[in-house]
Amino acid sequence: MSADIFEYAPAPESRAIVKLNSEYGLFINGKWVSPQSKKKFSSINPATEEVLAKVSQGNQADVDKAVKAARAAYNKVWSKTKPKERAKYLFRIARLLQERAREFAVLESLDNGKPIRETRDVDVPLSAAHFFYHAGWADKLEYAGYGDNPKPYGVVAQIIPWNFPLLMLAWKVAPALATGNTVVLKPAETTPLTALLFAEICQQAELPAGVVNIVTGDGATGAALVNHGDIDKVAFTGSTEVGKAIATSIADRGIPATLELGGKGANIVFDDAPIDEAVEGIINGIFFNQGHVCCAGSRLLLQESIVDDFLTKLQSRMAKIRVGDPLDKNTDLGAINSAAQLSKIKELSESGTKEGANIWSAPCSLPAKGFWYPPTIFTGVTQAHRIAREEIFGPVLSVLTFRTPQEAMEKANNTPYGLSAGIWTEKGSKILWAAQQLKAGVIWANTFNKFDPASPFGGYKESGWGREGGRHGLAAYIKGAK
Amino acid sequence: MSELGNKLIDGSESSLRAFLDNLPGVDKVGAEGRAAMLGTRSIKTTSKARAIDLAISMVDLTTLEGADTPGKVRSLCAKALRPDPSDLKVPHVGAICVYNDMVKVARDYLDSIGGQSIPVAAVSTAFPSGRASMEVKLRDTQDAIESGASEIDMVIDRGAFLSGKFGSVFDEIREIKALCGEKAHLKVILETGELATYDNVRKASYLAMLAGADFIKTSTGKVSPAATPPVVLVMLEAVRDFFALTGKKIGVKPAGGIRTTKDAIKQLVLVNETTGPEWLTPKLFRIGASALLNDLLMQRMKLSNGRYSSANYVTVD
């Protein structure tokens with residue numbers, strides 16, 4: 001039988017469910033307002049370069065207005081709202097997210113470029129789960145281990161990245177509201193649309209005006225927010241470069257911050273690993289969400305005795321990755337989020353070739369329009385290569401080898417980052433030993449990229465400060481908690 | 001021992017054990033996750049139409065009941081040849097699968113109605129339990145072949161496998177294979193529901209392939225769970241890796257519990273994305289089923305005329 005006997009016909013999810021406005025204002029004090037800057041910018045679909053909507057550029061004055069609204073809401077309403085009433089709002093938001101799940105999934109795919117399979121099965125259900133989880137905490141905070149009268153900070157400035165726009169919003173907003181803070185949120189410049197749809201959810205849930213304010217814009221908007229004189233706390237997820245700038249800016253103001261930054265996670269495969277599942281785990285570790293994942297397993301550390309067999313299996317599996325239309329339900333790898341990110345991926349990949357590593361990309365045809373990069377691995381990578389040290393944040397895997405378990409640990413830890421790591425072995429004692437050696441905030445054993453609201457997430461070293469999720473994540477929003 | 005097996009093991013119990021115990025383990029969570037992910041593939045329109053016809057051509061149409069009669073077997077044979085009497089473009093099924101004593105009935109009737117190209121498979125070696133002496137198992141198989149079976153679906157001795165007597169299981173398969181020779185195709189039923197773990201499924205798959213199986217088959221259909229997607233995934237991986245090791249393509253036959261078109265298409269997706277499309281042929285993939293065929297036919301009608309028909313528009317058997 002010929003190879004095309006079972007080509008999958010296109011199975012696109014309908015985008016009719018999403019009703020986009022042509023232009024959006026800022027969401028301040030429960031209302032849509034025009035930006036003082038009078039400036040708008042386009043949010044595009046990275047898979048087609050089609051303009052989806054015009055979005056407002058918030059400036060200093062807009063940020064000031066949003067912070068004032070959040071302050072007033074905190075003083076007059078939210079700090080006086082009983083914890084069990086706060087919980088009701090969170091439950092309501094969680095249920096609304098579930099009711100409108102398809103709408104959010106399609107819009108997230110359109111604006112971000114990630115496959116509908118992931119937005120439908122991961123981003124949106126996990127976002128709802130974060131609200132459900134934190135709704136449960138709202139009236140039980142005195143049992144969280146932070147004293148018998150835990151207090152919120154007040155007004156929290158939150159800045160989120162473009163890789164999981166709605167999910168990162170949920171990670172930030174849900175614990176902030178549960179603990180009694182009010183929020184000014186700045187979504188990423190290239191992916192603001194699901195945050196704006198979330199503003200509608202806040203209205204639908206009848207959340208008191210000013211408790212959540214959403215100000216769109218670029219890096220300047222984010223800087224205006226962080227540097228505002230009346231915020232009590234900063235929460236940021238994004239690049240280590242911007243994270244360092246934020247740390248500098250708040251250093252002499254005594255404002256606490258949680259920072260979730262970059263990573264260069266090592267996925268370590270020992271010779272006694274469950275090989276087929278390890279191959280799947282490596283694929284999931286680096287090609288999930290086009291590799292736009294701070295905790296991606298972007299370095300594969302392979303025990304030398306299994307290198308050839310493992311790479312053969314990995315490459316034949318990579319050849320089966322389905323790259324293309326993010327709205328097709330059978331797509332595994334979608335579009336790169338922006339032209340800027342694509343050129344960064346290309347630049348780092350070129351450095352890999354120049355520095356002597358061997359590049360291999362899965363054979364696949366890429367769409368003519370939009371931003372695309374094929375699933376790629378580099379073999380023959382050493383610790384001294386840039387692609388072994390710098391975060392590529394794309395579907396590019398660097399393969400290194402090791403001879404002994406001790407060497408694997410040394411190489412895995414030899415990075416300025418420390419966010420995630422993966423251990424693959426059937427031997428339980430080796431898992432426990434390795435987990436003690438690895439300097440990473442999240443360690444997965446015989447799996448990868450598994451998330452749950454009850455599980456704290458965060459990094460060592462340049463990967464950030466603080467934790468998000470679980471009991472530990474609450475500390476970020478409770479005054480004096482550590 | 002098979003010529004291929006010869007290169008990997010020397011035939012002794014210890015070499016067999018060394019080989020099987022050295023296979024990488026299967027992580028349960030990971031294998032089930034992969035199978036579940038492939039279950040989300042969306043197969044629509046033209047690809048669904050192709051998949052349905054392909055699945056029909058892979059069905060081993062089966063009746064394995066104490067109440068089987070020649071009349072029942074003949075009517076099943078007629079259905080095997082022309083699954084949908086109102087549409088002759090529907091392909092015939094992969095094979096008819098019956099108990100030993102019904103083989104001659106099926107073969108004669110198929111020959112008399114123009115179904116010479118449809119093989120008759122016999123379940124053998126004291127199916128379904130496999131609890132009989134080797135002498136009886138050989139005689140059982142011999143009888144099926146003499147009656148006209150060109151495919152033998154043998155069961156392994158799960159008791160021997162679970163008590164670690166790999167050599168004994170291996171020798172039984174080898175002897176049955178020698179008896180089949182060129183006359184019959186050998187499918188080895190692992191009864192994965194009784195092997196319990198995916199590690200055992202992988203070991204038993206290799207054991208059967210090393211001993212000379214042409215096909216490895218999940219289940220008798222008498223034990224539940226049977227052909228679950230993760231079990232079939234693990235068997236397909238074994239077949240894929242055995243091909244890389246030896247250059248020989250072994251077939252896979254899930255049987256038991258596959259009742260709907262959706263179930264069948266999920267199986268085809270597993271094949272497509274594990275061994276690759278070369279295995280998407282009745283020569284290398286069969287589905288053991290009875291109720292499945294009618295669901296495939298009803299879905300086929302729905303695709304061609306746009307509406308669902310009642311069950312009375314397909315034949316009962």
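Just so you know, all these numbers are worked out from the coordinates, no wet-lab data involved. Quantities reported herein were computed from a predicted structural model and do not represent experimental measurements. Cβ coordinates were reconstructed from backbone atoms using ideal geometry, including for glycine residues, and neighbour counts include every protein chain displayed.
So if I take the centroid of the Cα atoms in the stretch B:126-166 and the same for the stretch B:41-87, what is the distance between those two points in Å?
If you average the Cα positions of each part, the centres end up 26 Å apart.
Would you mind putting B:257-263, A:143-149 in packing order, based on average other-beta-carbon counts within 10 Å, highest first? Show your work: numbers first, answer last.
On the way: B:257-263: 18.1, A:143-149: 12.3.
Result, highest mean first: B:257-263, A:143-149.
When you count, for each residue, the other Cβ atoms within 10 Å and take the mean per peptide, how do B:293-301, B:193-201, A:391-399 rank with the highest first?
On the way: B:293-301: 22.2, B:193-201: 19.3, A:391-399: 25.9.
Sorting B:293-301, B:193-201, A:391-399 by mean packing, highest first, produces A:391-399, B:293-301, B:193-201.
Quick one: of B:222/B:302; A:313/B:249; A:329/B:187; A:65/A:186, which pairs are farther than 25 Å apart, Cα to Cα? Let's see the in-between values first.
Details: B:222/B:302 31 Å; A:313/B:249 17 Å; A:329/B:187 36 Å; A:65/A:186 14 Å.
From the list (B:222/B:302; A:313/B:249; A:329/B:187; A:65/A:186), the Cα-Cα distance tops 25 Å for B:222/B:302; A:329/B:187.
What aspartates and glutamates sit close enough to residue A:439 to cross-link, taking a C-alpha to C-alpha distance under 15 Å and skipping anything fewer than 8 places away on the same chain?
Here the aspartates and glutamates satisfying the reach criterion relative to residue A:439 are A:407, A:410, A:462.
Students often forget the sequence filter, so: which aspartates and glutamates lie under 16 Å Cα-Cα from residue A:88 once same-chain residues fewer than 8 apart are removed?
A:139, A:206
Could you work out how much longer the chain between residue B:72 and residue B:305 gets when fully extended? Use 0.36 nm per residue separation minus the Cα distance between them, nm to one decimal. Let's see the in-between values first.
Numbers: separation 233, 0.36 × 233 = 83.88 nm, distance 3.05 nm.
This chain segment gains 80.8 nm when fully extended.
Cα gyration tensor of the stretch A:406-449, axes a ≥ b ≥ c as square roots of the eigenvalues: rounded (a/c below 1.5), prolate (a/b > b/c) or oblate? Before the final figure, lay out each step's value.
Details: a/c = 2.10, a/b = 1.32, b/c = 1.60.
Here the stretch A:406-449 falls in the oblate category.
Between residue B:165 and residue B:46, 0.36 nm times their residue separation minus their Cα-Cα distance comes to what? Let's see the in-between values first.
Details: separation 119, 0.36 × 119 = 42.84 nm, distance 4.84 nm.
Value of the extension gain: 38.0 nm.
Using only Cα atoms, tell me the angle between helix A:428-437 and the longest principal axis of chain A; keep it within 0 to 90° and round to the nearest 10.
The angle comes out near 60 degrees.
So if I take the centroid of the Cα atoms in the stretch A:235-270 and the same for the stretch A:61-90, what is the distance between those two points in Å?
Using only Cα atoms, the two centres lie 26 Å from each other.
Please get the size of the charge dipole for the protein assembly as shown, origin at its Cα centre, with Cβ charges of +1 on Lys and Arg and -1 on Asp and Glu, quoted in debye to the nearest 20.
Details: 94 positive and 87 negative charges, 519 e Å.
It works out to roughly 2500 debye.
Could you tell me how far the Cα centroid of the stretch B:218-245 sits from the Cα centroid of the stretch A:93-156, in Å?
Spelled out, the Cα-based centre of one part sits 39 Å from the other.
Using mean Cβ contacts within 10 Å as the protection proxy, how do B:161-172, A:266-277 order, highest first? Don't jump to the answer; show the numbers that get you there.
Working: B:161-172: 18.2, A:266-277: 24.0.
Put in order of decreasing packing, that is A:266-277, B:161-172.
Per residue of B:21-30, how many C-beta atoms from partner chains lie within 10 Å of its own C-beta, taken as a mean? Spell out each step's value before the answer.
Numbers: counts 0, 0, 1, 11, 10, 5, 13, 3, 5, 12.
The shielding value for this peptide is 6.
Report, largest value first, the span of the C-alpha coordinates of the stretch A:371-482 along each principal axis, in whole Å.
48, 43, 23
Taking each residue of B:275-282 in turn, how many C-beta atoms of other protein chains fall within 10 Å of its C-beta, and what is the average?
Numbers: counts 0, 4, 7, 4, 1, 5, 2, 1.
That works out to 3 on average.
Over all alpha-carbon pairs of the stretch A:91-130, lay out the pair-distance distribution in 5 Å bins, whole %, shortest bin first.
That works out to 6, 30, 34, 20, 9, 2, in percent per bin.
Can you give the angle from 0 to 90° between the axis of helix A:101-112 and the longest principal axis of chain A, with both taken from C-alpha atoms, to the nearest 10?
Helix A:101-112 sits at roughly 70 degrees to that axis.
So how tilted is helix A:240-251 from the main axis of chain A? Cα-based, degrees 0 to 90, rounded to 10.
Between the helix axis and the principal axis of chain A, the angle is about 30 degrees.
Need one value for B:37-48: mean number of C-beta atoms belonging to other chains within 10 Å of its residues' C-beta atoms. Display every interim value, and only then the final one.
Details: counts 5, 0, 0, 5, 6, 11, 6, 7, 4, 4, 9, 3.
Average per residue, whole number: 5.
How big is chain B in terms of Cα radius of gyration and Dmax, in angstroms?
19.0, 60
Extending each Cα 7 Å along its Cβ direction at residue A:79 and residue A:9, get the distance between those two points in nm, one decimal.
Output for this residue pair reads 6.2 nm.
May I ask what percent, to the nearest 5, of DSSP beta bridges between residues of the protein assembly as shown are antiparallel? Can you show the working numbers first?
On the way: 19 of 84 bridges.
About 25 percent, rounded to the nearest 5.
Grab the DSSP H runs of the protein assembly as shown that are 4 residues or longer, score each as -39,500 (n - 2.57), total them, divide by all residues and round the 222 nm result to the nearest 500 deg cm²/dmol.
Values: 29 runs with 334 residues, N = 799.
It comes out at -13000 deg cm²/dmol, rounded to the nearest 500.
From the square roots a ≥ b ≥ c of the eigenvalues of the alpha-carbon gyration tensor of the stretch B:156-262, which class results: rounded (a/c under 1.5), prolate (a/b over b/c), or oblate? Don't skip to the answer; put the middle values down first.
Numbers: a/c = 1.44, a/b = 1.24, b/c = 1.16.
Because its axes are fairly even, with a/c under 1.5, the stretch B:156-262 counts as rounded.
If we restrict to alpha carbons, what Rg and Dmax does the protein assembly as shown come to, in Å?
Looking at the protein assembly as shown, its Cα Rg and Dmax stand at 30.2, 95 Å.
Within 12 Å, Cβ to Cβ, of residue A:130, how many net charges do the neighbouring residues add up to if Lys/Arg are +1 and Asp/Glu are -1?
-2
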